[in-house]
Amino acid sequence: AMGSQVGEVLLYYCYCEVKDPEKLCAWQKALCQHLHLTGKVRVASEGINGTVGGSKVATSLYIKVMLSQPLFKNILCLEDFKSSAGGAHCFPDLRVGVFKEIVPMGIDPKIVSYKETGIHLSPQEFHREVEQYLSQASQGQSDTILLDCRNFYESKIGHFQGCLAPDIRKFSYFPSYVDENLELFKDKRVLMYCTGGIRCERGSAYLRSKAVCREVYQLKGGIHKYLEEFPDGFYRGKLFVFDDRYAICSNEDIISACRYCGVLWDQYKLCSSQHCRQLVLTCPSCCNKGLTACCPVCQEKELKVTSRASGQTLKEECECTRRRPRVPIEHVSPRMLDTGK
């Protein structure tokens, strides 16, 4: 079957005006089904955002068809597709739907539009900027913030040296993070990055709307494209991905530790407690000791089932979620991660 060969996973987005999102959604679903692709595709009046997996034959056909779709003509190009080794097995199923935003920031696209983004930098330009920033920061004289727009569990296993990585659980907390920490960004040059570039499109527009930064730049194509050019550059560790692989690897660095014993470890598992959706870093030896939950609270008690009338189980919040402030306030200078290699 088509799905049995080694294939790939594609990641892409395209901001453009979509007059009939429902129609685009139906077309997209039919296309993916026809090519036996699995994954997630979000459609909105502001564009499309997808990550799909399948055979190499299927993914290359998919790209061809996407590039010939009149809606994306002259906007979407070949370089906009990021690919990595994988296949249809990387996703449990295919989900195509219509949403208000193609990346869930929780701010109406009419209020903060992708049209007001920061300045896009190529991986080469971004690399030079980071190089300059790190050399200035080591002399204690930088007017720049290297900002990771992702969630804490993403930056924990891989990030750019010297970055500020907000301790947030969802991208929809990012606007509040900016609001609560405006002082931090005052008169700064901000270099932003995320996985594939899409969160920066809205995140940079939000930051710019606050009119406090000197300049806002963003990494075009995200960490994905950067690692293609600089596998041993200033990004250390793994790249978190939102599918069953959890991470892809460009260098052998492990920068995070086991939750229980502290040994270097960066392979996520889902918390073993039935109703918890948190990810946990627990090494094989701790796993063998039965330490498989995200925190002691989850470990000690199988969480009580909280059901809605519909009988649908709620995502349970546990100690790790409750203990973390929803939106951290950065005191003094940014919580600098190790700037050395």
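A compact table of results
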quantity: Condition met for residue 260 (within 28 Å of residue 187 (Cα to Cα), buried (at least 19 other Cβ atoms within 10 Å of the Cβ), touching a residue at least 12 places away in the same chain (Cβ under 8 Å) and of a type in the set (Phe, Trp, Tyr)); calculated: no
quantity: Test set (1) surrounded by fewer than 17 Cβ atoms within 10 Å (Cβ to Cβ); (2) within 16 Å of residue 318 (Cα to Cα) - residue 285 fails condition number; calculated: (2)
quantity: Filter result for residue 234 (crowded, with 20+ Cβ neighbours inside 10 Å and aromatic (Phe, Trp, Tyr)); calculated: yes
quantity: Filter result (surrounded by 21 or more Cβ atoms within 10 Å (Cβ to Cβ), over 18 Å from the mean Cα position of the chain (by Cα) and assigned to a helix (DSSP H, G or I)) within region 69-107; calculated: 88
quantity: Some residue of region 165-180 being of a type in the set (A, V, I, L, M), in contact with a strand residue (DSSP E or B) (Cβ under 6 Å, 6 or more places away or on another chain) and modelled with pLDDT of 95 or more; calculated: yes
quantity: Residues of region 108-122 classified as among the hydrophobic types (A, V, I, L, M, F, W, C), crowded, with 18+ Cβ neighbours inside 10 Å and part of a loop (DSSP other than H, G, I, E, B), total; calculated: 1
quantity: Matching residues, region 1-52, being more than 25 Å from the chain's Cα centre (by Cα), among the charged types (D, E, K, R) and more than 16 Å from residue 69 (Cα to Cα); calculated: none
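The values are calculated or read from the model by the stated rules, or taken from the named source; none is laboratory data. Just so you know, these numbers come straight off a predicted model, no measurement behind them. Positions of Cβ are backbone-derived with ideal geometry, glycine not excepted, and every protein chain shown enters the neighbour counts.
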